[in-house]
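Structure incoming, see below.
The values are calculated or read from the model by the stated rules, or taken from the named source; none is laboratory data. Here the structure is a predicted model, which is why all the values come from computation and not from measurement. Cβ placement follows ideal geometry from the backbone for every residue including glycine, while neighbour counts extend to all protein chains displayed. SASA here: full protein model, heavy atoms, side chains in, ligands and nucleic acids out. Shrake-Rupley method; radii C 1.70, N 1.55, O 1.52, S 1.80 Å.
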Amino acid sequence: MTPTTERIAVARERLARLPRLEIACLPTPLEEHQRLAAELGLASLLVKREDLTGLAFGGNKVRELDFIMAAAVAAEADTFVAGGGGTQSNHARQCAAAARKVGLEPVIVLRRTAETRHASGNLLVTELLADDVRWVDIDAGLSDREATADAMDLVADELRAAGRTPYVLRSSFHPLAAAGYVDAGLELVEQLAARGVDDAQVVCSSMGATRVGLHLALAACGLNWPIHAMGWRPTDDGLSDRLVRLADETVELTGLEVPPYDRSAFTTFDHGGPAYGVPSAAGAAAAALAARTEGLLLDPVYTAKAFAGMIAEVGSGRIDRSRPIVFVHSGGLPVVFAQDGAGTEAG
Ligand SMILES: Cc1ncc(COP(=O)(O)O)c(C=O)c1O
């Protein structure tokens, strides 16, 4: 056993102490994209296909919900209250599907926004899965997430009064969600080792559990590969400090052994475009390039902007083109069927 395989085994053993329900299709593929790499002047580009986690069009939350649904079932819940995003919430879709998969009744709380018109994309799928969708009338914008979470608590009170046992997931900024991405990170290190790749850097769209889990997985394997996380206005609200706290909670929950880290491990590039949920010109160009070069589809809200961010930062020299890049495709593809030229409020 190499030092890395020993460390992977220890981390896997820690993670195995947490119950999970195996609702995701795993492992997800790690694909080499040689033509895209050549087009972009990269030494190597691998794409970790987290859009292919299976359940109801997949995405990053399915792997996270593997652990979260186990906690809901252990709490003997009969109802799963979640949501919190806008009309095109990927999170809400995946939560509704995961609840159905394990036999819980989903109650989905969404923000009503100017874009709430007809059911298309994620909303269409969410309404197919959940017959109880509650709309909260507040202005669009990430700062309203707390208000939506409070609305979820009110819904839960109402359900309890009606004799039900709800499990409330106020947000995916949650250590069990990050545990899902510890799992993904260990899987990625194993897949890279199987290809003989012993040095890499990771690019992802994340301001939360995805990049925190990936960071902890790499750290637990003794690898200090850079993680270039792309986000939307990441400097607004002390995000790095919140990410450190999420990492601390995840270490406590999992018992992972990792070297010390601080907020410098959790910086985030801003490649969110004009506004959250509003497609950017650079994102549209990146999505067209990926689609037309290798048939790789990206969503306009998260992965296209992250891919555009990667291209921009390779250009600026902050991402090293000579070192293999792993782009984490975190899903979001139903939004492709909801674009009308206006905003596509996701979440
Ligand atoms: C497709 C997609 N990518 C990335 C993210 C960001 O994930 P997080 O910030 O929770 O790591 C989300 C969150 O909803 C998403 O739906």
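Among 208, 273, 283, which is the only one that is within 15 Å of the ligand (Cβ to nearest atom), open to solvent by less than 40 Å² (accessible area, probe 1.4 Å) and modelled with pLDDT under 95?
273
Name every residue in segment 53-87 that is away from the ligand (no atom under 16 Å from the Cβ) and either more than 30 Å from residue 300 (Cα to Cα) or among the aliphatic types (A, V, I, L, M) (or both), in order of residue number.
Those that are away from the ligand (no atom under 16 Å from the Cβ) and either more than 30 Å from residue 300 (Cα to Cα) or among the aliphatic types (A, V, I, L, M) (or both): 69, 70, 71, 72, 73, 74, 75, 76, 77, 78, 79, 81.
Which one of these is under 30 Å from residue 324 (Cα atoms), hydrophobic (A, V, I, L, M, F, W, C) and touching a strand residue (DSSP E or B) at 6+ places or on another chain (Cβ under 7 Å): 26, 15, 30, 52?
So the residue among 26, 15, 30, 52 that is under 30 Å from residue 324 (Cα atoms), hydrophobic (A, V, I, L, M, F, W, C) and touching a strand residue (DSSP E or B) at 6+ places or on another chain (Cβ under 7 Å) is 30.
In addition: Looking at (1) open to solvent by 50 Å² or more (accessible area, probe 1.4 Å); (2) closer than 23 Å to residue 31 by Cβ; (3) among the aliphatic types (A, V, I, L, M), which is the one condition that is false for residue 291?
(1)
Does segment 128-151 include one or more residues that are at pLDDT below 95, part of a helix (DSSP H, G or I) and open to solvent by less than 10 Å² (accessible area, probe 1.4 Å)?
Looking through segment 128-151, at least one residue is at pLDDT below 95, part of a helix (DSSP H, G or I) and open to solvent by less than 10 Å² (accessible area, probe 1.4 Å).
Counting just the residues of segment 74-88 that are crowded, with 24+ Cβ neighbours inside 10 Å and modelled with pLDDT of 95 or more, which one comes out farthest from residue 150 (Cα to Cα)?
80
Now for a separate question. In segment 146-204, what count of residues is obtained for those that are among the hydroxyl-bearing types (Ser, Thr, Tyr) and farther than 19 Å from residue 247 by Cβ?
Here the count works out to 3.
A further question on this structure: Testing residue 322 on (1) open to solvent by 60 Å² or more (accessible area, probe 1.4 Å); (2) of a type in the set (S, T, N, Q); (3) within 13 Å of the ligand (Cβ to nearest atom), one condition comes back false. Which one is that?
(3)
A follow-up question, please. From the list 35, 63, which residue is in a helix (DSSP H, G or I) and open to solvent by less than 80 Å² (accessible area, probe 1.4 Å)?
Among 35, 63, only 63 is in a helix (DSSP H, G or I) and open to solvent by less than 80 Å² (accessible area, probe 1.4 Å).
Among 74, 38, 43, which is the only one that is under 22 Å from residue 192 (Cβ atoms) and without any contact (Cβ under 8 Å) to a residue 60 or more places away in the chain?
None of the others qualify; the one that does is 38.
Do we have residue 99 as modelled with pLDDT of 95 or more, outside any strand (DSSP E or B) and surrounded by fewer than 23 Cβ atoms within 10 Å (Cβ to Cβ) here?
Judged against the criteria, residue 99 is not a match.
Take residue 197 and decide whether it is open to solvent by less than 10 Å² (accessible area, probe 1.4 Å) and under 26 Å from residue 313 (Cα atoms).
It is false that residue 197 is open to solvent by less than 10 Å² (accessible area, probe 1.4 Å) and under 26 Å from residue 313 (Cα atoms).
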